[in-house]
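What follows is a single structure, written as structure tokens, with notes after it.
The values are calculated or read from the model by the stated rules, or taken from the named source; none is laboratory data. Not measured: the values here are computed from a predicted model. Note that we place each Cβ from the backbone using ideal geometry, even for glycine, and neighbour counts take in every protein chain shown. The accessibility values were calculated without ligands, DNA or RNA, using every heavy atom of the protein model including side chains. Shrake-Rupley method; radii C 1.70, N 1.55, O 1.52, S 1.80 Å.
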Amino acid sequence: MFSLISRTATFRQLKALDMVARLGSVSRAAEELNLTQPAVSLQIRLLEEAAGAAVLQRVGRGVQLTAAGEILARYAREILQLWTEAGDEVAALKGELGGTLRIGAITTAEYLIPPILVKFAETRPHVKSYFKVGNRDDIIRMLATHEIDLAVMGSPPRELRTNAAEFAKHPMVFVAAPGHPLMRRKRLSLKDLESANLLVRERGAGTRSTVESLFKTSGLKFHIGSELSSNEAIKQMAEAGFGVAFLSLHACALELRAGLLAQLPFPGNPIEREWYVITLADRRLSQVAGLFRDFVVEHGAHVIDGGKPSATDRRRKRHAPQG
């Protein structure tokens, strides 16, 4: 079967299957590919004839991949990515470093990546960016299915074999409106938050895992006041005095500076963790993805801190020859 596919399948058919697999819809795939719906359906039908098996099946108003379709879609994505990488490397031989940089970041890290991308683009103006944001589970899935080349998150995933490089500190903080009753206390402890109306992200988010672990290791009960799917919603509710929020300091820095939110006064707040840039251990990185990973490790903390010297810069200065 597969020798027949290799003789008759085309890149157009593989692109159609890949897009339908990504979007779960022939009509949406057609929009994305700038084609008509019948044109995409024709490409899928030709691929099915080459494979000798159906790749899609109707489910309600949408479609889903068959078992054969799952296999072909996985290989189609890899073939298309390899072909893109081949073109990028040929261009690099001519001194034209370009291509598409495919990055995924957990929702909290969406505040970090844009300034890093801007700095990277200053030296690589021909590189295009594909930037996806999601909760931790979403980003791990995208990395596993090669939808992205690298990910930025708070800790390496245990379910995948990865290479992880720490590049910056990640402070997370309990905050509330300045007028919140707990703000009147001179000194608090984590135990005082057992009965607070805690505003947290949904299960699968990095900050949610951290705060749950924090209470568990302290032997305290973790009571959720409200579970929300975005940092913005949590900040709005906290500013309105609805409860105590647990957020990345990067996500609420502006609100803290503006006095809309304030840190709760107890030792160890904020809680400091790390940011990592993560790639699959068994997948060769494209040249542009490798360069971006190195840039993040070398300069990420410096960019995030707004130009303050990074830990790497400080170490270099300490060890530099004097005079």
Criterion violated by His126 - all others in (1) touching a helix residue (DSSP H, G or I) at 6+ places or on another chain (Cβ under 9 Å); (2) assigned to a strand (DSSP E or B) satisfied: (2)
Residue tally, condition of a type in the set (Lys, Arg) and in a strand (DSSP E or B), over the stretch 42-62: 1
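For Glu232, indicate whether it is out of contact with any Gly (no Cβ under 6 Å at 6 or more places or on another chain), open to solvent by 10 Å² or more (accessible area, probe 1.4 Å) and within 26 Å of Glu274 (Cα to Cα). Break it down stepwise before answering.
Numbers: out of contact with any Gly (no Cβ under 6 Å at 6 or more places or on another chain): yes; open to solvent by 10 Å² or more (accessible area, probe 1.4 Å): yes; within 26 Å of Glu274 (Cα to Cα): yes.
Yes.
Would you check if Lys191 is over 30 Å from Leu80 (Cβ atoms) and within 19 Å of the chain's Cα centre (by Cα)?
Details: over 30 Å from Leu80 (Cβ atoms): yes; within 19 Å of the chain's Cα centre (by Cα): no.
So Lys191 fails the test.
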Where a residue in the stretch 291-304 is part of a helix (DSSP H, G or I) and its partner, wherever it lies, is open to solvent by 60 Å² or more (accessible area, probe 1.4 Å) and not small (Gly, Ala, Ser), with Cβ under 6 Å and at least six apart: Val303/Lys119
Close pairs from the stretch 109-124: first acidic (Asp, Glu), partner open to solvent by 30 Å² or more (accessible area, probe 1.4 Å) and not in a helix (DSSP H, G or I), Cβ under 7 Å, at least 6 apart: Glu110/Val133
Contacts under 8 angstrom Cβ, first residue in the stretch 139-156 being assigned to a helix (DSSP H, G or I), partner open to solvent by 10 Å² or more (accessible area, probe 1.4 Å) and among the hydroxyl-bearing types (Ser, Thr, Tyr), 6 or more apart: Leu143/Thr162
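Being more than 27 Å from Leu261 (Cβ to Cβ) and modelled with pLDDT under 85 narrows it down to one of Arg124, Arg158, so name that one.
On the way: Arg158 fails: modelled with pLDDT under 85.
None of the other options fit; the residue is Arg124.
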Some residue of the stretch 255-278 being aliphatic (A, V, I, L, M), within 17 Å of Ala164 (Cβ to Cβ) and open to solvent by less than 70 Å² (accessible area, probe 1.4 Å): yes
